Amino acid sequence: MSFKHKHLLSVAPLSADEIMLILETADSFKEVSGREIKKVPALRGKTVVNLFFEPSTRTRTSFELAAKRLSADVINFSPSNSSVVKGETLLDTARNIEAMQADIIVLRHPAAGAAETLARGVKSSVINAGDGWHEHPTQALLDLYTLREKKRNFNGLRVAIVGDVAHSRVARSNIHALTKVGAEVRVVGPRTMMPFGIERLGVRMYDNLDEGLRGVDVIMMLRLQLERQGRALYPTIREYSRLYGLTAERLKLAEAGALVMHPGPINRGVEIAPDVADSFSSVILDQVTNGVAVRMGILYLLSGANQ
Amino acid sequence: MTILIKGGQVVDPGRVNGPADVLIENGKVTAVGQKLKAPADATVVDAAGRGVMPGFIDLHVHFREPGFEYKETIQSGTAAAVAGGFTSVCCMPNTSPVNDNQSITEFILEKARAAGNANVFPVGAITKGSEGKELAEIGDLRRAGCVAISDDGLPVMNSLVMRRAMEYAIAFDVPVVDHCEDLHLSEGGCMNEGFVSTQLGLPGVPAAAEDVMVARNLALAELTGARLHLAHLSTAGSVRMVRDAKSRGIKVTAEACPHHFMLTEEAVCGYNTHAKINPPLRTWADVQAIKDGLRDGTIDVIATDHAPHATQEKQQEFAAAPNGIVGLETAWPLTLTLVEEGVLSLEAAVAKLTTEPARAFSLQKGTLAPGADADVAIADLRESWEVDPARFRSKSRNTPFAGWKVKGRIRTTIVGGRVVYETP
């Protein structure tokens, strides 16, 4: 099977088979990351540009490492807010980068749809590294990769996604990805954090964390965006943490051996208790490790190097 | 100048609906009837197989001058108007500077005279700078030629200020026009809040943001007895409340835009900025409610909310792109779809573009009665054509209807007895 997409803009249009192809491709690259010399020549002579309009350490570094381990040339480009103020549009910025013969542009942008807008305007392949509240497809794919490593089978796997689903691109991408591969998805949080009609994406909604956690195999905690305080989404961090924070006590409500995931960066003591974050159940650092392999797989598939 | 429009189907709502000729002398309609004789000096316009209607009136356009002439000028805007069969347009005050005083109103009227296309009736601001705080000099605006007052685009959030504006406006018998939007509920939103916004990850504007302000405005109109006109209704809730208010005798009129009866929120999919509009495109149920409101007269008027924006502005990311659609040059065929669907009779559809808007703003326009100003739209009712924004007279091209095959085309537009537009 070959990968027929030119861009990776969202998980929504991918089939279960395509998702599995990405995970299988990542398998071979995970092995590379364990070698003494962590490099293969697959993307030699190709140029990958990381175009990040939002601050990001983890995702940008992960893409950079992935591209370098494939022997691509990598440029990191983080337009400051001032260049936006100067009036250059996203499309103009991207066309300038394209004029330098970029093969793949990895875009992180605060506006939903930015990657799609960009993909329409340039000839390079575009990878969405997070666009507003819309999607963060590589995060969902690395989450699936991690789950597959630990749980083997997605079918019937019960996953609770906890927190501010409305404003989370990670939640949207994971809901699409998990439901496509046969998992049973719950979303847990106050109604202020649930977007309109979320059940129509095939998930069940829970207002109460204890009920939402009962019997689940996987718990995905979302980062509480502290800057949203004062927007009437939750009264105080104290109350949010009491109602929706994951503690060791609550973890017992889940199935034995349940996994705890978090896309990072975590707020220790807010959405997740420190002992839970550091516990045996936590696969938070495996997610980071796998992120490089999964992104290598995606860069490889989009570069057409497999054809 | 004398013009005889011969052999057409005259649709002059409430007066004539059938084959008739129209005679125009010295800028006025002088006779409407069968087999009129052409005076010796008359230019004869053959209207066989076409509709002959009072020139259309648009209560809601944005002509961007002064301040944003790169989007539209009064010259280009009125050229677009007459190409769409509109002979009178009411331009909203959200220019830069805002039309909140006599001198801006006079500037607009002077530009309109120089352009020599459509009649322009300015709408003055409710508050100074449309800041929602202090009343603008509404008496002066009225005297200078404003036909209504509105803070369109920057709705008056303070209910006391709105109450005072309504009370004060009574002395000048001007309608108070509101763009109904609770700015707290809509904050940050850029499309309808619904399943589509959830899928796209875009911040939404709930229907309630419109509904609560419609409710407030109706309560204030009842309290004050002022004339209220509600701009671009987009929700089923608004239609329901206006219907109820009318049945209770509140002095309210309402308009709907073609995009709100033609399109749903689905048009935004793919982050199509040409479908970005305020109020946003809503759901199928809302579209049905708008059509029902048009059918039963709850919604009096079809207006375009013609809102030109430059190409580079609409090419931005969805959240950053400005709201608006150019509407003047597509309104006629889109209105005809309501006739085709059986929502409105042809006469009722024409009334929503002529007699009804004239009544809402007390304009001495919108009729072909002998003695009336000779503003006429002659249109084909069935000819099909493809919407090509490159051919628009408007300076801007922002329409979600590009490439649509539509039926019905404006052939000739006459303003004050002068032919100002003919289809090339």
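Rounded, prolate or oblate: which fits segment B:56-360 when a ≥ b ≥ c are the square roots of the eigenvalues of the alpha-carbon gyration tensor, with rounded for a/c under 1.5 and prolate only if a/b beats b/c? Rounded, because the longest to shortest axis ratio a/c is under 1.5. In straight-distance terms, cross-link reach from A:Lys30 covers every one of the lysines whose alpha-carbon lies under 19 Å from its own, apart from those fewer than eight places away in the same chain; here that gives A:Lys38, A:Lys39, A:Lys68, A:Lys150, A:Lys151. Scanning chain A for trypsin sites (Lys or Arg not before Pro) in DSSP loops with at most 16 neighbouring Cβ atoms within 10 Å leaves A:153-213 as the longest stretch between them.
Electrostatic tally near A:Phe63: other residues with Cβ closer than 14 Å to its Cβ, Lys and Arg +1, Asp and Glu -1, net +3. In terms of its alpha-carbon gyration tensor, the protein assembly as shown comes out prolate; a/c meets the 1.5 threshold, and the first ratio a/b outweighs b/c.
In loop segments of segment B:304-409 as defined by DSSP, the GluC sites (Glu not before Pro) with at most 12 further C-beta atoms inside 10 Å of their C-beta are B:Glu341. Computed over chain B, the per-residue total of -39500 (n - 2.57) for DSSP H runs of n ≥ 4 gives a 222 nm mean residue ellipticity of -8500 deg cm²/dmol, rounded to 500. Dimensions of segment B:1-129 based on its C-alpha atoms, expressed as ranges along the principal axes with the largest first, amount to 54, 30, 24 Å.
Annotation: lysines with alpha-carbon distance below 18 angstrom to A:Lys6 (same-chain offsets under eight excluded): A:Lys46, A:Lys123. Of B:Cys269, B:Cys180, the sequence from fewest to most neighbouring Cβ atoms within 10 angstrom is B:Cys269, B:Cys180. Computed over neighbours whose Cβ is under 11 Å from that of B:Ile24, the net charge equals -2, Lys and Arg +1, Asp and Glu -1. Evaluated with a Cβ-only charge set (Lys, Arg +1; Asp, Glu -1), segment A:137-287 carries a dipole of roughly 340 debye about its Cα centre, given to the nearest 20.
Of all lysines in the structure, the ones whose alpha carbon falls short of 28 Å from that of B:Lys28, not counting any fewer than 8 places away in one chain, are B:Lys6, B:Lys37, B:Lys111, B:Lys352, B:Lys365. Label-to-label distance for A:Asp17 and B:Arg391 is 4.5 nm, based on points extended 7 Å past Cα in the beta-carbon direction. Sites counted here are trypsin sites (Lys or Arg not before Pro) in a DSSP loop (not H, G, I, E or B) having no more than 16 other Cβ atoms within 10 Å; the longest part of chain B that contains none of them is B:252-424.
By count of other Cβ within 10 Å, fewest leading, how are B:Thr399, A:Thr61 ordered?
Placing the least packed residue first, the sequence is A:Thr61, B:Thr399.
Quick one: net charge around A:Tyr244, please, counting Lys, Arg +1 and Asp, Glu -1 for every other residue with C-beta under 11 Å from its C-beta. Cβ neighbours under 11 Å give a net charge of -3. Among A:Ile97, B:Ile104, the order by Cβ neighbours within 10 angstrom, fewest to most, reads A:Ile97, B:Ile104. For segment B:335-354 and segment B:1-75, what is the centre-to-centre distance using only Cα atoms, to the nearest Å? One Cα centre to the other: 18 Å.
If the chain linking A:Ser279 and A:Arg35 were pulled fully straight, counting 0.36 nm for each residue of separation and taking away their Cα-Cα distance, it would gain 85.1 nm.
Taking the DSSP bridge list for chain B and keeping only pairs wholly inside it, about 50 percent are antiparallel. Between A:Met220 and A:Ala160, A:Ile161, A:Val162, A:Met261, the built amide H atoms are under 5 Å apart, and every one of these is 5 or more places off in sequence or on another chain. Between the alpha-carbon centers of segment B:99-177 and segment A:235-277, tell me the distance in whole angstrom. Comparing the Cα centres of segment B:99-177 and segment A:235-277, I get a distance of 56 Å. Restricting the GluC sites (Glu not before Pro) of segment A:194-257 to loop positions (DSSP other than H, G, I, E, B) with no more than 16 neighbouring Cβ atoms within 10 Å leaves A:Glu255. With each label modelled as a point 7 angstrom along the Cα→C-beta vector, the B:Glu383-A:Lys4 pair spans 4.3 nm.
None of the figures in this text is laboratory data; all of them are computed from the coordinates on show. These figures come from a predicted structure and were not determined experimentally. All Cβ positions, glycine included, derive from the backbone under ideal geometry; neighbour counts span all protein chains shown.
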